[in-house]
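Following: one structure in structure tokens, then a few remarks.
Since every read-out is calculated from the coordinates, none of them should be taken as a lab result. Quick caveat, the model's predicted, so the values are computed rather than measured. Every residue, glycine among them, receives a Cβ derived from its backbone with ideal geometry; neighbour counts consider all protein chains shown.
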Amino acid sequence: MRNAWLVAGAAVMASGIPFFGTVAEAGTAQGSPPTTAETMHARYPDQNPGANPDNPASYPFLPPGQVVPHLAGRTANPQPVGQDLALNRPYIITAQIPDSYWHNMEQSNYPDQGQLTNGKMATLNFKDPQWVGLAYQYVHDITVDLGQVENIKGCSLDFLQDLGAGIVFPDSVTYYVSQDGKNWAPVGAVPSSQGAGDFTPQTQAFERSGINVNARYVRAEFTNKIWGFIDQFEVYGNPTPDPRAETPHGHPTVTWQTGYLRASSPATGGIHNMLLCYTDGYGPLGTWQVSDFLPMVANEDASGHARGPMYDGFLFSNYSLSTSEDAWNSWLKDLFSPGVQLSALDQAVSQYKAQLKKEQSARLPGLWPDGKVKVVVTIPTIQDTSNFGPVGNDSSLDLNPQDVGQQKALENKLKAVQWYIQQTMRDFQQAKFQNLELAGFYWQPESLNVTKPEDAALVKGTSELVHQAWMRFYWIPFYGAVGLTEWRKLGFDAVMVQPNVSFNWDMPPGPRFESVAQFAKTYGTGVEIEAHWDVMSSDSSLAQTAQNRYFDYFTAGHLLGFEDNVMNSYYENSKTLVTAYADQTPFYHRVYDDTNQFIDRLWDGTQYTQ
């Protein structure tokens, strides 16, 4: 996660409780707890609604202080036209990009046993076995076979929402019909009309009425958010075809792949491999010196001799910041401090260039246009604070919707973002770095917040401000994050997806990497390379396991194609690669050398370690 967890969050991570917003993902990472000087990167959204709906522990997504919702009576569904043609008919559920880990989670906890067409409605209790639970995996299709061509008047898919348990309505459901199960014609989309930000357990029937079509197959398509719970798929009409009804003339379903986000694309800002650097906290770990950056800018041998370039992009982020003008200013002040952070990176690049010039190397111009590396600066996570501080003519911005309403709070948040962008660009210009170029800004939350209806508008508004400044907008969400399939509509330019393999050692790496690669090629993203904090553990057995998971990313990149001309980001905790470079023990130093093998496209492993 981007505003990195530290030891203060160890108890939270150990409990496996995820949060929305600041900490977008948490999970069941194994290994030893980080030391006081390490960051925590709890990055796997594997939470199930709990066993007892009356127990607060069963609501992993319930904000602190929010009471356990009361289970009242459920919503009455609209009266149908005709009989339920889908009653007791067979159906299949498919995910556009299936993930075996999540599918097994579904079947272990909220299995599909044919109940979606048995005519029975579930209660509001999410443990009612009538509910079928679908975990993440984005676009889903449910297709029912009526057995013969019949006259369809309407259809309805019934969902549960219980936000505290991570069960969320989709934004919409789109229905299709077919006579042969191959060629599909759309018959309408039904948007969600309730539930935004509401923690009250409730149901909603996504009903499409007013249809008059003869077909045998009916399909409902929707994009899942966290967990989707469904109890009935109903199709209403008459068994006898209507000669006056429309006959669908559809087309085969085609899933287009745009390919990975190419490093050569203008959207990347000229970045191929981007290292995350956390600053302003935890003493030396949050203070980057020239000596720290030298082996990150260049692939150095043990004597400090540069064997070639390494990272061409550096993303600067914070460990954690409160949402205030004072805190944001303080972080920027540290970021632009002389001799450290950005200044140290500038000097490191200068020294590398001097060495290349001395050796009369021609490698630099081909990698860094104008001899500069690219810098991306984080926009800190924005909380609902009542007193952000003075900005422009405002003595203090109030960002809390409970104080000023959602619209005004959104406007004030965007004022704060605009001030921050302008201040960062002024500071960068005044610093007069000779070897750095500001490429853009990074959005820190790793998922849209489904408990805040205005969250998408905040991201889109921020994107407009970034683009007005002629900068690019970057995002690195976890796989399964809400909004990831809509990243272009949200206004991002470059997105890299976290596979989350390093942080769940029970997960078979191959199927997850294949799922992420399919997603990245379908939606045009890059991939993040992630190291568990235990890759440098003094416990060699533990370090070996963590290293194996890390090296699996390289093997996946080699096998699945994101080792090549693809924009990749690298989460390496706090200076893990710096530590690996300094450690000349071959077992630990190989973490550094093997990372360079991958960056140089020389990794040739073909077998995963699990």
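So here's what we get for this one:
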| quantity | calculated |
| --- | --- |
| Linear extension gain, R307 paired with Q83, 0.36 nm per residue minus alpha-carbon span | 73.3 nm |
| Rg followed by Dmax, in Å, when the stretch 188-235 is reduced to its Cα trace | 13.0, 40 |
| Full-extension gain in nm, Q422 to E246, via 0.36 nm per residue minus C-alpha separation | 57.7 nm |
| Global form of the stretch 157-259, assessed from the alpha-carbon gyration tensor, a/c cut-off 1.5 | oblate |
| Pairs from K432/K575; K415/K460; K460/K489; K333/K353; K408/K460 whose Cα-Cα separation, in the structure shown, is over 18 Å | K432/K575; K333/K353 |
| Environment charge of T323, counting only residues whose C-beta is closer than 12 Å and scoring Lys/Arg +1, Asp/Glu -1 | -3 |
| Eligible lysines near K153 by straight Cα distance, threshold 26 Å, same-chain separation 8 or greater | K120, K182 |
| Spherically averaged projected area of the chain from its Cα convex hull (nm²) | 28.2 nm² |
| Cα-based radius of gyration of the stretch 459-535 once divided by 2.2 N^0.38 Å, which approximates compact folds | 1.24 |
| The stretch 448-589: translational diffusion in µm²/s, Stokes-Einstein, Kirkwood Rh over Cα pairs, 37 °C, 0.692 mPa s | 197 µm²/s |
| Straight-distance crosslink candidates among lysines, where the alpha carbon sits under 21 Å from K358 and sequence neighbours closer than 8 are dropped | K372 |
